[in-house]
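Engineer: The structure that follows is given in the form of structure tokens.
The values are calculated or read from the model by the stated rules, or taken from the named source; none is laboratory data. Because the structure is a prediction, the values reported are computed rather than measured. Using ideal geometry, Cβ is built from the backbone for each residue, glycine included, and neighbour counts are taken over all protein chains shown. Surface accessibility is based on the protein's heavy atoms, side chains included, excluding ligands, DNA and RNA. Shrake-Rupley method; radii C 1.70, N 1.55, O 1.52, S 1.80 Å.
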Amino acid sequence: MSKRLPTGIDVLDRKLGGGIPAGSIVALTAPPASQAELFLYELTAGRRTLYLTLDRTEQSVADSIVGSSARTGKPTIRYVSGDAPLDRAGQMVKSLPDESNLIIDPINILEEQEAPRYRNFLNELQNHIYNTGGLAVVHGLEGRNVPALRDTTEHMVDVIFQLETKIQGDQIVNKLAVPKFRGGAALPETIKLQLSERVAIDTSRDIA
């Protein structure tokens, strides 16, 4: 069995037998109107992390992490501008040290580039993460306009976390599915989560 890297999110690590296999790429897909960023912030607590932001500024991401109640680390944050984002992101990935985390938030902008160049970027990312024993998490927004290359992303990554956020009556219900897990077992059931200030299991019972 390959070495498992803890995500920094205790509830997930227990469910996944200790974490994610080293050298994996994880896609976290979630609605923009959700607390999915808590997953990314808590991931920074596990080990040194390079956080590539493609929408928000470096300062905005840093302020959000510092202001979070979740357990976090001190990631290196870099903004990837809209000019040739695949090239810029690729250059930054090459500098990622061994056994490090990489976060790309969101991946949508890269998915809007030319298909052959995007596939090449993902292949190079996979090679680097595998060779350095790291862990990469790409955040895919599942909003009104999902990029055409999302299927490519989900096919090439090793693990998929699907977060569903719905309003049911007077409650916000968050459920996490892990339908794909190379190098391990996908979870047979969804996990009901509490995502107010940090990632935690929701122990409340559904009333029929």
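Engineer: Considering only the range 135-145, I want to know if a residue exists there that is modelled with pLDDT under 95 and more than 17 Å from the chain's Cα centre (by Cα).
Structural biologist: Checked the range 135-145: at least one residue is modelled with pLDDT under 95 and more than 17 Å from the chain's Cα centre (by Cα).
Engineer: Does the range 123-133 contain any residue that is touching a strand residue (DSSP E or B) at 6+ places or on another chain (Cβ under 7 Å), under 20 Å from Leu16 (Cβ atoms) and not hydroxyl-bearing (Ser, Thr, Tyr)?
Structural biologist: yes
Engineer: Specify which of the listed residues (Lys94, Lys15) is surrounded by fewer than 17 Cβ atoms within 10 Å (Cβ to Cβ) and either closer than 18 Å to Asn174 by Cα or under 15 Å from the mean Cα position of the chain (by Cα) (or both).
Structural biologist: When all the criteria are applied, what remains is Lys15.
Engineer: Here are some conditions: (1) in a strand (DSSP E or B); (2) surrounded by fewer than 18 Cβ atoms within 10 Å (Cβ to Cβ). Ala27 meets all but one. Which one does it not meet?
Structural biologist: (2)
Engineer: Let me ask another. Looking only at the range 174-195, count every residue that is farther than 18 Å from Phe39 by Cβ and charged (D, E, K, R) and tell me the total.
Structural biologist: 2
Engineer: So the check is Cβ under 8 Å with 6+ separation or different chains; which pairs have a first residue in the range 110-126 that's open to solvent by less than 60 Å² (accessible area, probe 1.4 Å) and a second one that's in a helix (DSSP H, G or I) and among the polar types (S, T, N, Q)?
Structural biologist: As it stands, the answer is Glu111/Thr152; Glu111/Thr153; Ala115/Thr152; Tyr118/Thr152; Leu122/Thr152; Leu122/Thr153, since those pairs meet every condition given.
Engineer: Something else now. Could you list all residues from the range 8-49 that are in contact with a Pro (Cβ under 6 Å, 6 or more places away or on another chain) and aliphatic (A, V, I, L, M)?
Structural biologist: Answer for the range 8-49, where residues must be in contact with a Pro (Cβ under 6 Å, 6 or more places away or on another chain) and aliphatic (A, V, I, L, M): there is none.
Engineer: Continuing with this model, one more query. Take the range 90-131 and flag every residue that is hydrophobic (A, V, I, L, M, F, W, C) and not in a helix (DSSP H, G or I).
Structural biologist: Leu96, Leu102, Ile103, Ile104, Ile107
Engineer: Please state which one of Asp63, Asp55, Asp87 is of a type in the set (D, E, K, R), out of contact with any His (no Cβ under 9 Å at 6 or more places or on another chain), in a loop (DSSP other than H, G, I, E, B) and surrounded by fewer than 17 Cβ atoms within 10 Å (Cβ to Cβ).
Structural biologist: That would be Asp55, the only listed residue that is of a type in the set (D, E, K, R), out of contact with any His (no Cβ under 9 Å at 6 or more places or on another chain), in a loop (DSSP other than H, G, I, E, B) and surrounded by fewer than 17 Cβ atoms within 10 Å (Cβ to Cβ).
Engineer: In the range 30-52, which residues are touching a Gly at 6+ places or on another chain (Cβ under 9 Å), of a type outside the set (S, T, N, Q) and part of a strand (DSSP E or B)?
Structural biologist: If the condition is that a residue be touching a Gly at 6+ places or on another chain (Cβ under 9 Å), of a type outside the set (S, T, N, Q) and part of a strand (DSSP E or B), then Ala30 is the only one that fits.
Engineer: Then there is this: Within the range 142-180, take every residue that is over 25 Å from Ser24 (Cα atoms) and charged (D, E, K, R) and give me the one that is most open to solvent (accessible area, probe 1.4 Å).
Structural biologist: So, considering only residues that are over 25 Å from Ser24 (Cα atoms) and charged (D, E, K, R), the one most open to solvent (accessible area, probe 1.4 Å) is Arg144.
Engineer: If you scan the range 33-63, which residues turn out to be modelled with pLDDT under 95 and either small (Gly, Ala, Ser) or under 17 Å from Ala177 (Cα atoms) (or both)?
Structural biologist: Ala33, Ser34, Gln35, Ala36, Glu37, Leu38, Phe39, Leu40, Ala45, Gly46
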